[in-house]
Amino acid sequence: MRPLVFLMLLGASALAEKPRIIFDTDITGDVDDVLALTMCHTLADRGACEFLGVTISKDNPLTASFVDAQNTFYGRPDLPIGVTRDPTAQKRESKYLKLADSPDYPHNLKKNEDAREAVDLLRELLAKQPDGSVSIISVGIASNMANLLKSKADAHSPLDGPALIRQKVKMLSIMAGAFAFCNNTNYHLEANVINGIGFMQTVANDWPDEVPVYWSGYEIGEALPFPSDSIALDFGYMPHHIVKEAYLLHSGPLHRRPCWDESSVLQAVFPERGFFGISAAGRVKVGDDGFTRVVTPGPSVKVARRDHILTLTSVQKARMLEAIVQTTVQPPKK
Ligand SMILES: [Ca+2]
């Protein structure tokens, strides 16, 4: 093979390995979803990943409009958006979604009724990608992930949900649960689980064994407080900044909001960069009260090594927080 052809093929294969990400969010109550969505955009701008679309797992009439406003702000006005239409998905008020109605943030998609249904969009996006190439980042309740698992063959793919995931998904990077002492207890019941326990049990029970799941527990985000100084100082490059305004509406100027959801973005895009430690693999079990625990394989315990729990040393913590800040404050690409 001529060297040039070999190099071109090598380049093509390196490009093919760039993570293709889908961001599944409950962007309503907490503001870390907004910062995490920004990271999906800025990391795609830097060429670190390809951003395929956003699905929304909670119910609020302004979710799709806000996400479209933020996507437009970051130069992706046509990024596909899907919303859950599951009547059992949690309805949630928001302190910041009203920014979608501001003239400062123009965009086209104004009503959830005009957005795609989340699972239909997930199935279409997955079916169109190369095998094993998609990293799903899920940072809210698991309504969309559970309903994807329950989905049947359709016009997008002849495969059912688990088979489609097995074929197309490289990893699930999920913010859910608690796996260490955190929030002053060793029995923390984490919001993404307890606001939809049945959904999270479906994911823990039925996600295919062959597709790794990286769990960022409550303790990870709790160890990563977003610096309020950055909100005050780093977003002045635009007269109106949707991230800064959402953060201030939710947390005010002094609060250092934990970076729960941002951690899962970084793990999905840079899984081999050592931002985190990874605990012994096993199986996450979700109790009926929403408590999460890990069962590890042993001589008498036969469970697949599907689930990995993220851990942080103090050095990783500092490095990680700086990476989150720098990718969050990065201006939109012109
Ligand atoms: Ca969230």
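Points worth noting:
- Residue of N192, N184, N71 that the Gaussian network model of the chain assigns the largest fluctuation, springs spanning Cα pairs under 10 Å: N184
- Springs between Cα atoms under 10 Å define the GNM used for the chain, and in it the highest mean-square fluctuation of L172, L125, L97 occurs at L125.
- When shorter helices are ignored and each DSSP H run of at least 4 residues is given -39500 (n - 2.57), the per-residue value for the chain at 222 nm works out to -11000 deg cm²/dmol.
- All Cα pairs of the chain, percent lying beyond 36 Å: 15 percent
- Taking the inverse of the mean 1/r over every pair of distinct Cα atoms in segment 28-155 gives a Kirkwood hydrodynamic radius of 15.1 Å.
- For the chain, share of DSSP beta bridges that run antiparallel, in % to the nearest 5: 25 percent
- About the Cα centre, charge dipole magnitude for segment 18-329 (Lys/Arg +1, Asp/Glu -1 at Cβ), debye: 600 debye
- Selection from N205, P258, Y247, by position along the positive dipole direction of the chain (Cβ): N205
- Within the accessible area of segment 20-108 (1.4 Å probe), percent carbon and sulfur: 48 percent
- Flagged links, alpha-carbon separation over 25 Å, of K18/K128; K110/K170; K170/K302; K58/K111; K95/K334; K95/K285: K110/K170; K95/K334; K95/K285
- Diffusion coefficient (Stokes-Einstein, Kirkwood radius over C-alpha pairs, 20 °C, 1.002 mPa s) for segment 200-334: 127 µm²/s, rounded to a whole number.
- Computed over segment 41-88, Kirkwood Rh from alpha-carbon pairs, angstrom: 11.6 Å
- Computed with a 1.4 Å probe over protein heavy atoms only, the accessible surface of the chain comes to 42 Å² per residue.
- Fluctuation leader among S263, S138, S94 - the chain, Gaussian network, Cα springs under 10 angstrom: S94
- Restricting the calculation to Cα atoms, segment 174-270 shows an Rg/Rh of 1.05 when the hydrodynamic-style radius is the Kirkwood one.
The values are calculated or read from the model by the stated rules, or taken from the named source; none is laboratory data. Predicted model only: the values in this text are computed from it and were never measured. FYI the Cβ positions are ideal-geometry reconstructions off the backbone, even for glycines, and counts take in every protein chain you see. The area values use the complete protein model at the heavy-atom level, side chains included, leaving out ligands, DNA and RNA. Shrake-Rupley method; radii C 1.70, N 1.55, O 1.52, S 1.80 Å.
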